[in-house]
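Peer 1: Here you go, one structure.
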Amino acid sequence: MALGDYTKTGYNNGTAPPISAPNLNNNEDKTKELDTELTAHEADNANPHTVTASQAGAEPIFSKNNAFNKNFGATAGTVTQGNDSRLLPDVPVGANIYGKVGEWELTGIAGTVISSFASPSTYPRGLAFDGTYLWNADENTDIIYKLNTSGTVISSFASPSTYPRGLAFDGTYLWNADASPGMIYKLNASGTVIASFSSPSTYPRGLAFDGTYLWNADSNTDIIYKLNTSGTVIFSFLSPSTGPAGLTWDGTYLLNADENKDRIYKLNTSGTVIFSFLSPSIGPTGLTWDGTYLWNADEDADRIYKLRIEHSYILVA
């Protein structure tokens, strides 16, 4: 029903209030205006406005091969993706990794064998490094050998007793732990005994020197002892496992080879394990540190191994 035909409604007793002609015309104009606006709005929705990234306050859109203002790629200055040599390899939990990752130098995994050679005889035990040469105590021959780092025997002498085990070098003298009488001997480079004392327990194995004190691993008590050079026990702690053998000092930490676990442990001087890794073979005995690498004598393989041991990334730039 058009407004012009409007005669009555269902209210006010069936009688519509009087409406003047001007009011009707105004209502018709308003209706037309609303129809026009509705048509325009519907057309606007069918063709929405385009809003740019800058209008919305967003950062510029980047393409597939560009991010963070750098291209994707596998070379310096690019964003790594996919099979990139700069990505970290899968490594065991607790292992140490080296190589180039961004600005970090990655050179290997702790325990990686750099080189090895056959030991002078078949039961290599203690190892020491004097700054130039390795020294190896062998239980089969009861001889202490002086070797270059390629394994060539330079000289040798008979050990003080019949079960030579741990070896350490204090800058002047060798120290040798022997399990048969349970003694620790101080020797010159010709094998002459300068001094000796009883070991803290009955089966001394690994021996290390930290610049002031000796450290001795004993497999009877499974304890690592800190001693002065007269043999007095200063301190001790339980070894990481039940077969403590080789022992050495790297300038900050102790390293202990365990024959039962076939593992090499890095320890602080309270006995806390910093990390550990599998030894190269199943009879790790002697250990020594040359300032860069760890050397490990193994009685099962009858070999002496040169190993990586660093624990952190190297920042190169």
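We did not get these values from a lab; they are worked out from the coordinates using the rules stated. The model shown is predicted, which means the values in this text are computed figures rather than measured ones. Note that each Cβ is placed from the backbone with ideal geometry, even for glycine, and that neighbours are counted across all protein chains shown.
Peer 1: Taking 0.36 nm per residue of separation and subtracting the Cα-Cα distance, what length does fully extending Asn220 through Ser115 add? Can you show the working numbers first?
Peer 2: Details: separation 105, 0.36 × 105 = 37.80 nm, distance 3.22 nm.
Full extension from Asn220 to Ser115 adds 34.6 nm.
Peer 1: Something else about it: So what's the Cα pair-distance distribution over the stretch 176-275, bin width 10 Å, in %?
Peer 2: Per 10 Å bin, starting at 0, the Cα pair percentages come out as 18, 52, 27, 4.
Peer 1: Find, to one decimal place in angstroms, the Kirkwood hydrodynamic radius of the stretch 222-317, where the mean of 1/r is taken over every pair of different Cα atoms and then inverted.
Peer 2: After inverting the pairwise mean of 1/r, the radius is 13.9 Å.
Peer 1: May I have the convex hull volume per residue, in Å³, for the Cα set of the stretch 113-315?
Peer 2: Values: hull volume 21.2 nm³, N = 203.
With only Cα atoms used, the stretch 113-315 gives 104 Å³ per residue.
Peer 1: Run the numbers for Thr122 and Asn260: contour at 0.36 nm per residue of separation, minus the present Cα-Cα distance, in nm.
Peer 2: Values: separation 138, 0.36 × 138 = 49.68 nm, distance 1.93 nm.
Between Thr122 and Asn260, full extension yields 47.7 nm more.
Peer 1: Now a separate question. Can you list residues whose amide H is under 5 Å from Ala217's amide H, if they're 5+ apart or on another chain and H is modeled 1.01 Å from N?
Peer 2: Hits under the 5 Å cutoff: Arg205, Gly206, Leu207, Tyr225.
Peer 1: Of all the Cα-Cα pairs you can form in the stretch 110-168, what percent are over 19 Å apart?
Peer 2: Numbers: 423 of 1711 pairs.
So the portion of pairs separated by more than 19 Å is 25 percent.
Peer 1: What nm distance separates the two modelled labels at Ser190 and Phe72, each placed 7 Å from Cα along Cα→Cβ?
Peer 2: With each label point 7 Å from Cα toward Cβ, the separation is 7.3 nm.
Peer 1: With 21 Å as the limit, write out which pairs from Lys266/Lys306; Lys186/Lys261; Lys146/Lys261; Lys146/Lys306 have Cα-Cα distances beyond it, or answer none. Could the numbers behind the result be given before it?
Peer 2: On the way: Lys266/Lys306 16 Å; Lys186/Lys261 30 Å; Lys146/Lys261 29 Å; Lys146/Lys306 16 Å.
Over 21 Å Cα-Cα: Lys186/Lys261; Lys146/Lys261.
Peer 1: On to the next question. In terms of modelled amide H atoms, which long-range or inter-chain residues lie less than 5 Å from the amide H of Phe117?
Peer 2: Answer set, sorted by chain and number: Ile304.
Peer 1: Amide H to amide H under 5 Å from Met183: which residues, 5+ apart in sequence or cross-chain, H placed 1.01 Å off N in plane?
Peer 2: Asp178, Ser199
Peer 1: Right, something else. If packing is taken as the mean number of other Cβ atoms within 10 Å per residue, what is the order of 229-237, 118-126, highest first? Let's see the in-between values first.
Peer 2: On the way: 229-237: 13.8, 118-126: 21.4.
Result, highest mean first: 118-126, 229-237.
Peer 1: OK, next. Starting from the Cα of Thr272, move 7 Å in the Cα-to-Cβ direction to define the label point; list residues of the stretch 224-242 whose amide nitrogen is under 17 Å from there.
Peer 2: 236-240
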